[in-house]
Amino acid sequence: MDNKFLKPYEPKEVESDIYSKWRDAGFFNPDVCITKGVTRMDAPTYSIVLPPPNVTGVLHLGHAMMLAIQDTIVRFQRMRGKRTLWIPGTDHAAIATQTKVEKLLQKDGKRKHDLGREAFLKEVDAFAQDSHDTIAKQISAMGASVDWSREAFTLDDTREKAVHTAFKKMYEDGLIYRKEKVINWDPKGQTVISDDEIVHEARKATLYTFKYAADFPIAISTTRPETKYGDTAVAVHPDDTRYAQFVGHTFEVNFAGEQLSIQIIADPSVDPEFGTGALGVTPAHSQTDYDMAQAHNLPLKQVINEYAKMTTSSELVNGLKVEEARTKTVEWLRSQALMIDEQESDQNVSTAERTGAIIEPLPKLQWFVDVNKKFTLKHSHLDGITDGAQVSLKELMTHVVESGQINILPERFEKTYFHWITNLRDWCISRQIWYGHRIPVWYGPDGALSVGQDPHDQSFVQDDDTLDTWFSSALWTFSTLGWPDATEDFAHYHPTDLLETGYDIIFFWVARMILMSTYLLGDIPFKTIYLHGIVRDAKGKKMSKSLGNAIDPLDLIETYGTDAVRMSLLVGIGPGSDTNFSEDKVRAYKKFANKIWNATRFVLEQTTDADFATPDTLTQQDTQYLNDFNSLVHEITKEIEEYKLYLVSEKLYHYVWHTFADIIIEDCKKRIAQGNEDEKKSARHTLRYLLINQLKVLHPFMPFITEEIWQTIHKDNTMLIVSAWPHA
RNA sequence: GGGCGAUUAGCUCAGUUGGCUAGAGCAGUCCGUUUACACCGGAAAGGUCGGGGGUUCGAGUCCCUCACCGCCCACCA
């Protein structure tokens, strides 16, 4: 027996060496596994992509959990003999990273616009590189057996090619279009954002009821009087007899110095019960009003600019911020005796997820992806959709989940997914920021356009905007495999088997991946979606740097070892459920590692390699032990395939500690001391056999300690990481 | 306004096709320097499984209802 077993297990002393051994042996790369004869060339494949962490800093416990889950599955599949590929990478996270760097520059008194686009982007690249290096270190520390030789970045050249190809195809199919529409403007971030980047906040607001002017016949209600300078109509319900006489008329009124031309229209979307039953229509500054204006051919009148300031001909409010303009307008209405009612009410305000700024709906020229337009899907690998079918993106996204080609775990998120698609509107993909994939459109003289490729012509100018960061990450399952080139990797590994990610990005990312994959490839991006929950602090609060309750996985690893950290993030945490994290749990699994260590010590003291071979006689008791173990293996094999790691990890813990150590070792101890020769042999075999096979089944969960023990026992340079999963 | 999740031991949580005396970690109690392990072993204690009703031979598990907490979605101005 090796003397190291005389001391408690010290993860720190072995982990980084073991990770290097695995990596240097090349076993993270399926090609090497084939070359070295540990995986058959014709073995079934198993592939997953790592959800690329944002290069905005460091990884948190949520990432650690994601890595633990994925690595456990990947190691299991590799041991089962599958041709297993796990591709790592990072995400440029356009807006998040840019904001972060801007803040850092601000500390040095520097500003984005003083630097200029190129110099600023250099700063961002440097930051992203640093961030990437830290992240790569953390991924390794977690023991993740990712194939580093295939590492990707959402903003590198290969991925840019994929983005350009995708954009071009969508443009040619009429699915990407440029149009002036009312969009969600973030006045703080100075960019448009998509519907999904909006967070609704409940606030108190006052609902004002008033008339524009004394000579105007209808009173309206609004929480935003300052937008009324942009009104071009008043809408009432078609059946509302109170206002029927006015419908179709246009009134010229002077509203606090602004000349308004208000047409009275009838629209069924107006609720006659709400307020006065009449709605002032502001097409330029409200999404709903814009839609109504489109339907009624109403003119657009912009009175608020990108800085959320008024641009009207009214002396009263021109140039003021919207909040100040509101106050002024309200005062004016009161003073003119036009105000009829003021009522406190609850209101949901749209704010920008990133900056927290209140969204200002504005008409702007932007790029969109049309989710409803039908197009011809030339080549379909999808069940129930034939080549050449006329479909929309929405239909594709719905179909693949509805038909069961993509399976979501936990199942309840399917409902959430369908609900989102039903309400989905065209996806605004342009952003007024610098960091990211620049829109691949070049404008030439006389309306000439080059889409998807640089014309290399001085008279052409590229679009200033960049793409929503999710546009490039939506291509991740195949852009990482070399698409649009017809690579071997793409042929072998797509569609991927599993997407494991947080439920909080089901819309941002998961749905968009399904959109892109079904459209561009006529295929699903993955077969199963496993959604994990959020790791909160011990009190159930969301971890964040600003709250000071964030835990760095590296600190935990330092104290308790990676295996313990992994187990603490696996045991008992089912898909889709949030977890409150406490260090006690990690401590418990550090003890567990030590228990394995000491059990090993005992077995090694009592047995030799030769005991592994089945002896002539096995006692009935030992046969029972071995049968029990084999049925456990059978059970957990099935459960891992069903992604029930939360159950399996607990069962293994329980078996090792309370069956193997508490019962079997104690029993064998007695028989080795007092039994006859056959009984001794039988007991030794049981111990040796169970030890070796426990190492195997524990390995995906606790890769370091099991590999360390394995290599101590096996002096022949074999590695547990590529040894065969036990047959059950 | 719509949808979803949670409510199990003092604390944090498992318990997925309804089935033996409901489990784990931590905390707490008692005993133990038995040759793998004090990062341990043994023993005991602790739960009307949120309330109420129903289905069933049998319910923590299924159905209805109520309560409280949390999350997501939503263009009632």
Among the residues that make up the stretch A:316-324, is at least one of them part of a loop (DSSP other than H, G, I, E, B), touching a residue at least 12 places away in the same chain (Cβ under 8 Å) and over 26 Å from A:Ile433 (Cα atoms)? yes
Consider only pairs whose beta carbons are under 6 Å apart and that are at least six residues apart or on different chains; among these, list those whose first residue lies in the stretch A:604-619 and is more than 19 Å from A:Met1 (Cα to Cα) and whose second residue is part of a loop (DSSP other than H, G, I, E, B). none
Within the stretch A:167-204, the count of residues that are acidic (Asp, Glu), closer than 29 Å to A:Val391 by Cα and either more than 10 Å from RNA strand B (Cβ to nearest atom) or in a loop (DSSP other than H, G, I, E, B) (or both) comes to 3
Under the condition of being near RNA strand B (Cβ under 7 Å from one of its atoms) and outside any helix (DSSP H, G or I), which residue from the stretch A:279-299 is surrounded by the fewest Cβ atoms within 10 Å (Cβ to Cβ)? A:Ser286
With the condition kept exactly as written, say whether any residue in the stretch A:647-654 is of a type outside the set (Ser, Thr, Tyr), near RNA strand B (Cβ under 9 Å from one of its atoms) and in contact (Cβ under 8 Å) with a residue 24 or more places away in the chain. yes
Pairs returned, first residue in the stretch A:333-351 that is touching a residue at least 12 places away in the same chain (Cβ under 8 Å), second residue that is within 14 Å of RNA strand B (Cβ to nearest atom) and of a type in the set (Asp, Glu), beta-carbon separation under 9 angstrom, 6 or more apart or interchain, are A:Asn348/A:Glu201; A:Val349/A:Glu201; A:Ser350/A:Glu201; A:Thr351/A:Glu201
List pairs: first residue in the stretch A:132-143 and farther than 15 Å from A:Asp156 by Cβ, second residue of a type in the set (Gly, Ala, Ser) and part of a helix (DSSP H, G or I) anywhere in the structure, Cβ distance under 7 angstrom, at least six positions apart or on different chains. A:Met142/A:Ala64; A:Met142/A:Ala68
Is it the case, given these coordinates, that A:Glu226 is under 19 Å from A:Val330 (Cβ atoms) and either modelled with pLDDT of 95 or more or within 15 Å of RNA strand B (Cβ to nearest atom) (or both)? yes
Only one of A:Leu85, A:Leu105, A:Leu59 is at pLDDT below 95, farther than 19 Å from A:Trp509 by Cβ and of a type in the set (A, V, I, L, M, F, W, C); which? A:Leu105
The stretch A:527-537 - residue that is of a type outside the set (S, T, N, Q) and either out of contact with any Asp or Glu (no Cβ under 8 Å at 6 or more places or on another chain) or part of a strand (DSSP E or B) (or both) and, of those, modelled with the lowest pLDDT: A:Asp537
I'd like to verify a number: residues in the stretch A:547-565 that are surrounded by fewer than 18 Cβ atoms within 10 Å (Cβ to Cβ) and among the small types (Gly, Ala, Ser), how many? 2
Count of residues meeting criterion [within 14 Å of A:Asp231 (Cα to Cα) and surrounded by 13 or more Cβ atoms within 10 Å (Cβ to Cβ)] in the stretch A:311-328: 3
Of all residues in the stretch A:1-42, how many are in a loop (DSSP other than H, G, I, E, B), out of contact with any helix residue (DSSP H, G or I) (no Cβ under 7 Å at 6 or more places or on another chain) and within 16 Å of RNA strand B (Cβ to nearest atom)? 2
List every residue pair whose Cβ atoms sit under 8 Å apart, with the two residues 6 or more apart in sequence or on different chains, where the first one lies in the stretch A:158-185 and is over 22 Å from A:Ile198 (Cβ atoms) and the second, anywhere, is modelled with pLDDT under 95 and of a type in the set (S, T, N, Q). A:His164/A:Gln453; A:Lys168/A:Gln453
Within the stretch A:260-272, count every residue that is out of contact with any Leu (no Cβ under 8 Å at 6 or more places or on another chain), within 13 Å of RNA strand B (Cβ to nearest atom) and either at positive phi or not in a loop (DSSP other than H, G, I, E, B) (or both). 1
Of all residues being more than 9 Å from RNA strand B (Cβ to nearest atom) and not in a helix (DSSP H, G or I) in the stretch A:567-602, which is surrounded by the most Cβ atoms within 10 Å (Cβ to Cβ)? Just the residue, please. A:Leu569
Kindly provide the set of residues from the stretch A:419-436 that are within 11 Å of RNA strand B (Cβ to nearest atom) and either assigned to a loop (DSSP other than H, G, I, E, B) or of a type outside the set (A, V, I, L, M) (or both), ordered by number. A:His419, A:Trp420, A:Thr422, A:Asn423, A:Leu424, A:Arg425
Test set (1) within 12 Å of RNA strand B (Cβ to nearest atom); (2) under 14 Å from A:Leu687 (Cα atoms); (3) not in a helix (DSSP H, G or I) - A:Glu605 fails condition number: (3)
Residues of the stretch A:670-709 being without any contact (Cβ under 8 Å) to a residue 12 or more places away in the chain and under 18 Å from A:Asn598 (Cα atoms), which ones? A:Lys670
Scanning the stretch A:229-259 for residues that are within 21 Å of A:Asp291 (Cα to Cα) and of a type in the set (A, V, I, L, M), the one farthest from RNA strand B (Cβ to nearest atom) turns out to be A:Val247
Specify which of the listed residues (A:Val571, A:Val633) is in contact (Cβ under 8 Å) with a residue 60 or more places away in the chain and under 24 Å from A:Ile713 (Cα atoms). A:Val633
Checklist (1) among the β-branched types (Val, Ile, Thr); (2) in contact with a Pro (Cβ under 9 Å, 6 or more places away or on another chain); (3) under 25 Å from A:Ile193 (Cβ atoms) applied to A:Thr469, failing item: (2)
If we only count helices (runs of 4 or more DSSP H) wholly inside the stretch A:617-728, which ones have 2 or more residues that are surrounded by 17 or more Cβ atoms within 10 Å (Cβ to Cβ), modelled with pLDDT of 95 or more and not polar (S, T, N, Q)? A:677-698, A:703-713
One residue from A:Asp622, A:Asp578 being acidic (Asp, Glu) and in contact (Cβ under 8 Å) with a residue 60 or more places away in the chain: A:Asp622
Could you tell me whether any residue of the stretch A:222-234 is surrounded by fewer than 22 Cβ atoms within 10 Å (Cβ to Cβ), touching a residue at least 24 places away in the same chain (Cβ under 8 Å) and of a type outside the set (D, E, K, R)? yes
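The values are calculated or read from the model by the stated rules, or taken from the named source; none is laboratory data. These numbers come from a predicted model, not from an experiment. So basically every Cβ, Gly included, is an ideal-geometry build from the backbone, and we count neighbours across all protein chains shown.
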